[in-house]
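As structure tokens, the structure follows; a few thoughts come after it.
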Amino acid sequence: MVKNLFISVISQEENKGSVEFQVFSFTNKIRRLTSHLELHRKDYLSQRGLRKILGKRQRLLAYLSKKNRVHYKKLISQLDIREPKTR
């Protein structure tokens, strides 16, 4: 799978401060929280945490798209994230 390949590439870099790694870790947290919320629909604190993490990831992706559009496109395709709507 592409995700497993991407995990190995990021773990070799060991650059936990990079925007790509942060987006990758936020995406993992989002997927984990989403599966948790499917079971526990009324867990409002987890819903709040999910919205906060989504906002952080959205801001990081906006920063990355301004700085390096090629890395942004590559990261979005590898993590299977939808591109945000433009206004």
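The values are calculated or read from the model by the stated rules, or taken from the named source; none is laboratory data. Only a predicted model underlies this, so the values are computations on that prediction, with no experimental measurement involved. As a convention, Cβ positions derive from the backbone with ideal geometry for all residues, glycine included, and neighbour counts pool all protein chains shown. These area figures cover heavy atoms from the full protein model, side chains too; ligands, DNA and RNA do not enter into them. Shrake-Rupley method; radii C 1.70, N 1.55, O 1.52, S 1.80 Å.
The table below lists the values:
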| quantity | calculated |
| --- | --- |
| Among (1) surrounded by 13 or more Cβ atoms within 10 Å (Cβ to Cβ); (2) part of a helix (DSSP H, G or I), the one test that Lys66 misses | (1) |
| Where Pro84 falls short, out of the listed (1) part of a helix (DSSP H, G or I); (2) modelled with pLDDT under 95; (3) open to solvent by 60 Å² or more (accessible area, probe 1.4 Å) | (1) |
| Hits in the stretch 37-46 - residues which are part of a helix (DSSP H, G or I) and either open to solvent by 60 Å² or more (accessible area, probe 1.4 Å) or at pLDDT below 95 (or both) | Glu38, Leu39, Tyr44, Leu45 |
| Subset tally (residues that are free of Cβ contacts under 8 Å to residues at least 12 places away in the same chain and polar (S, T, N, Q)) for the stretch 30-62 | 2 |
| Residue match in the stretch 51-62 (condition: at pLDDT 95 or above and not in a helix (DSSP H, G or I)) | no |
| Filter result for Lys74 (part of a loop (DSSP other than H, G, I, E, B) and either within 16 Å of Val19 (Cβ to Cβ) or open to solvent by 100 Å² or more (accessible area, probe 1.4 Å) (or both)) | no |
